[in-house]
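The values are calculated or read from the model by the stated rules, or taken from the named source; none is laboratory data. Computed from a predicted model, the values in this text were never measured in an experiment. Please note: Cβ atoms are built from the backbone with ideal geometry, for glycine as well, and neighbour counts cover all protein chains shown. SASA here: full protein model, heavy atoms, side chains in, ligands and nucleic acids out. Shrake-Rupley method; radii C 1.70, N 1.55, O 1.52, S 1.80 Å.
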Amino acid sequence: MRASRIAASYGARVAVAESGRFGGTCVNVGCIPKKLFAYAAHYREDFEVARSFGWTTGEPSFDWKVLVANKDREIARLNGVYESLLTGAGVTILRGRASVVDAHTVEVNGARHAAKHILVATGSWPQVPQIPGRELAITSNEAFFLEALPRRALVVGGGYIALEFASIFNGLGVETTLAYRGPRLLRGFDAELGEHIASEMRKKGIVIRLQSNPARLERGIRITYEDGSTQETDLVLFATGRKPNTAGLGLEGAGVKLDREGAVVVDAYSRSSVASVHAIGDVANRLNLTPVATAEGMGLAKTLFRNEPTPVDHVNVATAVFSDPNIATVGLSEEAARASHGAVDVYKTSFRALKHTLGGHEERTFMKLVVDAASQRVLGAHMIGPDAGEIIQGVAIAVKLGATKAQFDATIGIHPTAAEEFVTMRQKATS
Ligand SMILES: Cc1cc2nc3c(=O)[nH]c(=O)nc-3n(C[C@H](O)[C@H](O)[C@H](O)COP(=O)(O)OP(=O)(O)OC[C@H]3O[C@@H](n4cnc5c(N)ncnc54)[C@H](O)[C@@H]3O)c2cc1C
């Protein structure tokens, strides 16, 4: 979307081949419907908290079909908006599955199209482990279109998609188990985030099984784990990773190098081993987030059609996990900072948000700053708590600019907020 629209605005003649719906994964089966579902799920708690502020709400009830229908209507609207953005920019739309024939030829529906440049932006696809009964499970792709909510669900995985769906199901009243083969959730994130979120999600009623991996599924659905233990559930969702969408694309035949995961190997300018073929987004498997994909697309359009070689800077990209509570992070985890910088100062705090003080709600907000001991630059900021994504987005600017801890401290907070804690943490936790 972004690469073609911007390239067209720079005067390139552009065609887009799309086999699915406009907007890609994010709009159709990713970020947008996921966040709408997360909002829906959080109302359960909001109704409870409202009572502590004097509201009588009656017994709330939830209608899954209404949520899905309203979500589908909004997504259909967005599909139309995206399509008209393309046509409005003068981009030709080719509906169908594309494959690459050679360095300058793409085939769509049997018709061949010659191009000076080819951009592969085919995204990624959920991976399901090769275990007996895997066909009984679903992935995030199907979760957005379930006919009905199950009574019980097992979500398998420990990454952001698994945590988000476990929180969504749990919030909507499904008895939810989260099973992850590793010792701690959110591998690659700051270790304390993984620990704290597990404790918060457990408090909200999710059963979390760590070092626990399904070995077999049988109709019912009966799960047998690798350790021999069993469980019955009504729905199994695998959120066990995604693979770059390059199968059957013809890239290897055209001489384009793929890595072991199947991702297109690219340089900093998103150029593949074939000079006229480029790749951006999940299919290049650098940092698989929508704003990163669009930045890569924008950079490529500038590089190719504006004579402005623009590499994409993947450093200090902020990201959020829309679990309940939310998680957001920018920069280095404490572990990564210690590995790359040696001595680091760590500041952290954990508290009950003001909103939860009247009702005795148990949720705790967690915040952490990781600071380079030598330069005092803030290397990482991490948070678990309401609106963590909204808060970390602002903090990310400071981290990107290389702000020091003293500069954070010199910033006067907004009171009373949770965010002000990021500029008032004075006590070093460890150093
Ligand atoms: C459940 C879920 C939640 C997510 N939540 C977030 C989030 O909150 N924030 C965030 O930043 N990221 C999120 N992501 C990740 C984000 O969706 C991806 O990083 C982003 O969509 C990648 O964009 P892309 O352009 O590379 O690929 P995609 O968005 O996957 O687009 C690829 C497009 O190519 C089309 N296509 C594929 N093969 C062909 C072919 N051969 N011919 C023609 N068309 C083809 C597909 O139909 C699709 O429209 C989420 C992902 C998932 C699955």
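Which one, G299, A336, A239, projects farthest toward the positive side of the charge dipole computed for the range 222-377 from Cβ point charges (K/R +1, D/E -1)?
Value computed over the given set: G299.
Within 10 Å of each candidate Cβ there may be at most 16 other Cβ atoms; applying that plus a DSSP loop requirement, which trypsin sites (Lys or Arg not before Pro) in the range 1-43 survive?
Sites meeting the loop and neighbour criteria: R13, R21.
Would you work out the relative contact order for the chain, in percent, from Cα pairs under 8 angstrom that are 6 or more residues apart?
Relative contact order, the chain: 15 percent.
Heavy atoms only, probe 1.4 Å: what % of the accessible area of the range 28-173 goes to carbon and sulfur, would you let me know?
Of all accessible area on the range 28-173, carbon and sulfur atoms account for 57 percent.
In the range 263-368, which GluC sites (Glu not before Pro) fall in coil by DSSP and have 15 or fewer other Cβ atoms within 10 Å?
E362
From Cα pairs below 8 angstrom and at least 6 apart in sequence, can you work out the relative contact order of the range 172-321, rounded to a whole percent?
12
Need one number: % antiparallel among DSSP beta bridges in the chain, to the nearest 5.
Here the antiparallel bridges make up roughly 70 percent for the chain.
For a 20 Å ceiling on Cα separation, which of these pairs sit above it: K368/K400; K34/K65; K71/K355; K35/K400; K34/K348?
K71/K355; K35/K400; K34/K348
I'd like the accessible area for S84, computed on protein heavy atoms only with a 1.4 Å probe and all protein chains in place. Round to 10 Å², please.
Looks like 70 Å² after rounding.
Size of the dipole of the range 74-232 about the Cα centre, Lys and Arg at +1 and Asp and Glu at -1 on the beta carbon, nothing else charged, in debye to 20?
Once rounded to the nearest 20, the dipole reads 140 debye.
Which of the helices in the chain, when you take each full DSSP H run, stretch at least 27 Å along the axis at their Cα atoms and have an average Kyte-Doolittle score of -0.5 or higher?
31-52, 64-88
For the range 271-390, what is Rg from Cα atoms divided by 2.2 N^0.38 Å, rounded to two decimals?
It is 1.40.
Distance in nm between label sites at T357 and Y39, each 7 Å beyond Cα in the beta-carbon direction?
For T357 paired with Y39, the spin-label model returns 2.9 nm.
Loop only by DSSP, 15 or fewer other Cβ within 10 Å of the Cβ. Give me the GluC sites (Glu not before Pro) in the range 35-116 that pass, ordered by residue number.
none
Based on the Cβ-Cβ distance of H104 and R73, what FRET efficiency does E = 1/(1 + (r/R0)^6) give at R0 = 30 Å, to the nearest 0.05?
Given R0 = 30 Å and the Cβ-Cβ separation, E is 0.15.
Of A17, F62, N28, which is farthest on the positive side of the dipole of the range 11-78, counting Cα position, with +1 on Lys and Arg Cβ, -1 on Asp and Glu Cβ, and the Cα centre as origin?
Projecting each Cα onto the dipole axis, the largest value belongs to A17.
Rounded to the nearest whole Å², what accessible area per residue is found for the range 190-274 with the 1.4 Å probe?
48
Give me the lysines in straight-line cross-link reach of K257: C-alpha distance below 28 Å, same-chain residues under 8 apart excluded.
Once the sequence-local lysines are set aside, what remains near K257 is K116, K243, K302.
Going 7 Å from the Cα of D227 toward and past its Cβ, which residues in the range 154-176 have a backbone nitrogen under 16 Å from where you end up?
Residues 157 qualify, since their backbone N sits under 16 Å from the label point.
Can you give me the distance in nm between label points at W55 and L210, each placed 7 Å from the Cα along the Cα-to-Cβ direction?
Label-label distance for W55 and L210, simple model: 3.5 nm.
Leaving out ligands, DNA and RNA, and with a 1.4 Å probe, what % of the accessible surface on the range 269-342 is carbon or sulfur?
Of the solvent-accessible surface of the range 269-342, carbon and sulfur hold 55 percent.
Suppose every Lys and Arg Cβ carries +1 and every Asp and Glu Cβ carries -1, with no other charges. What dipole size does the chain come out with about its Cα centre, to the nearest 20 debye?
Computed about the Cα centre, the dipole is about 620 debye.
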